[in-house]
Amino acid sequence: MNRIRRKALAEIQAKIEELQSELETLMSEEEEYRDNMPENLWGSERYEKADTACDNISNAMDGLQEAIDYIEEAME
């Protein structure tokens, strides 16, 4: 791989890492929201939606990490 394409991949990787960071912040906020719900709402639809959102954000972060890993392999 030439230097120009390697640089382009590095820029894309940096953007993905920034998105990962933003997702991590959102996930922390959603987890805090879920964890601070009153006990009487645990197991409620609202709680389950927040829990599902946390799981989905976590999966999205995993997907972004996988993309970063592939980019790093391509740059080798």
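The values are calculated or read from the model by the stated rules, or taken from the named source; none is laboratory data. Note that the coordinates shown come from a computational prediction; the quantities given were computed from them, not determined experimentally. Counting neighbours? That spans all protein chains shown, and the Cβs are built from the backbone with ideal geometry, glycine included. Ligands, DNA and RNA are excluded from the accessible area calculation, which covers all protein heavy atoms including side chains. Shrake-Rupley method; radii C 1.70, N 1.55, O 1.52, S 1.80 Å.
Below are the figures for this structure:
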{"item": "Full-stretch length increase - residue 75, residue 48 - with 0.36 nm per residue and alpha-carbon distance subtracted", "result": "5.7 nm"}
{"item": "Among 25, 50, 64 - extreme Cα towards positive end, dipole of the chain, charges at beta-carbon", "result": "64"}
{"item": "Crossing angle, helix 45-75 versus the chain [Cα axis fit, 0-90 degrees, rounded to tens]", "result": "10"}
{"item": "Qualifying trypsin sites (Lys or Arg not before Pro) in the chain, DSSP loop, other Cβ atoms within 10 Å at most 12", "result": "none"}
{"item": "Added length on full extension, which subtracts the Cα-Cα distance from 0.36 nm per residue, residue 62 to residue 4", "result": "18.1 nm"}
{"item": "Accessible-area order (highest first, 1.4 angstrom probe) of the listed residues 71, 4, 12", "result": "4, 12, 71"}
{"item": "Low-density loop positions, chymotrypsin sites (Phe, Trp or Tyr not before Pro), segment 10-59 - DSSP coil, at most 15 other Cβ in 10 Å", "result": "42"}
{"item": "Average accessible surface area per residue within segment 10-76, 1.4 Å rolling probe, Å²", "result": "71"}
{"item": "Cα-based helix-to-principal-axis angle, 3-35 vs the chain, degrees rounded to 10", "result": "10"}
